Amino acid sequence: MSDVQPVLLLTGASRGIGHAAVKRFGGAGWRVLSISRQAFDPRCPWPGGEANHIQLDLANVDEVRDSLPRIKEITNGRLDALINNAAVSPKHADGSKITSLQMAYQDWLHIFNVNFFSAVLLAQGLSELLIESKGSIVNMTSIVGSRVHPFASAAYATSKAALAALTREMANDLGRYGVRVNAVSPGEIDTAILSPGTEEIVQREIPMRRLGKPGEVADLLYFLCSNQALYLSGSEVHIDGGQRV
């Protein structure tokens, strides 16, 4: 990267890991552009945040596609990193898991549009800018993409598994142009998405016996988008306190 201010486009920035990533990149001098379904959330403020926020429903693939020229215009022709962090994980009214046999097709489609197809469309539409900067794409996967989880819905889990496969394919497709594509796979991170009963998982399955912190994930995201990771591509980096072992 040159001395010119680097630019990040981040989906799902209003809370949790996304909020922490905004603070990490912004604190390092990056210009952060955010995308979410809601208008700019003053509860997640950062300098210039409101002016750099793009309100966009990622579940609507036509809207995502139609918004690409506007997004390019907002970048001012520069994009160094794209982090696909936005995701939805619906549950039953009582908080229990929605299984593969219970989820209706339209709900499967909604989840895949937000968690998977929006990432495809953004990468396709913004690839020229990333090629020009020799930038980085990071897809936010999950530990549930490779194992059955007691709380995460089957549709959420399979969308994350698909995103991991997409990461490998994109790394192969974009590597010749100097663009790196990686995934970050969190385990149990202390965010609002956690379900009651998570503490039991922490004590039973996680060797470090604690939840991860959003800031720890944000530090990993920053590393993957920095010049310290210039030869790292096609990897899914697990940050889960040893849960996968």
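The values are calculated or read from the model by the stated rules, or taken from the named source; none is laboratory data. For clarity, every value in this text was computed on a predicted model and none was experimentally measured. Glycine gets a Cβ as well: all are built from the backbone with ideal geometry, and neighbour counts include every protein chain shown. Keep in mind that these areas ignore ligands, DNA and RNA; they rest on the heavy atoms of the full protein, side chains included. Shrake-Rupley method; radii C 1.70, N 1.55, O 1.52, S 1.80 Å.
Checked against (1) free of Cβ contacts under 8 Å to residues at least 12 places away in the same chain; (2) under 30 Å from Gly77 (Cα atoms), Glu199 meets all criteria but (2). Summed over segment 121-141, residues that are open to solvent by less than 30 Å² (accessible area, probe 1.4 Å) and either modelled with pLDDT under 95 or aliphatic (A, V, I, L, M) (or both) total 9.
Residues that are within 22 Å of the chain's Cα centre (by Cα) and among the hydroxyl-bearing types (Ser, Thr, Tyr) were ranked within segment 78-120; the one that is modelled with the lowest pLDDT is Ser89. In segment 204-243, which residues are of a type in the set (Asp, Glu), modelled with pLDDT of 80 or more and open to solvent by 40 Å² or more (accessible area, probe 1.4 Å)? Those that are of a type in the set (Asp, Glu), modelled with pLDDT of 80 or more and open to solvent by 40 Å² or more (accessible area, probe 1.4 Å): Glu216, Asp219, Glu236.
Among the residues of segment 166-187, those identified as under 30 Å from Glu200 (Cα atoms) and of a type outside the set (Ser, Thr, Tyr) are Ala183, Val184, Pro186, Gly187. Residues in segment 196-243 that are over 28 Å from Phe25 (Cα atoms) and not aliphatic (A, V, I, L, M): Pro196, Gly197, Thr198, Glu199, Glu200, Gln203, Arg204, Glu205, Pro207, Arg209.
Among the residues in segment 224-237, are any among the hydroxyl-bearing types (Ser, Thr, Tyr) and assigned to a helix (DSSP H, G or I)?
So far as segment 224-237 goes, no, none of its residues is among the hydroxyl-bearing types (Ser, Thr, Tyr) and assigned to a helix (DSSP H, G or I).
Applying the set (1) open to solvent by less than 20 Å² (accessible area, probe 1.4 Å); (2) part of a helix (DSSP H, G or I); (3) at pLDDT 95 or above to Ile201 leaves exactly one unmet item: (3).
Residues are listed down the side, and each one gets a yes or a no for (1) under 13 Å from the mean Cα position of the chain (by Cα); (2) of a type outside the set (Gly, Ala, Ser):
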position: Ile131; (1), (2): no, yes
position: Met140; (1), (2): yes, yes
position: Ser153; (1), (2): no, no
position: Ser159; (1), (2): yes, no
position: Leu163; (1), (2): yes, yes
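Looking only at residues that are at pLDDT below 90 and β-branched (Val, Ile, Thr) in segment 144-179, which one is surrounded by the fewest Cβ atoms within 10 Å (Cβ to Cβ)? By that ranking, first place goes to Val148. For segment 1-27, filtered to residues that are more than 19 Å from the chain's Cα centre (by Cα) and among the hydrophobic types (A, V, I, L, M, F, W, C), the residue that is modelled with the lowest pLDDT is Met1.
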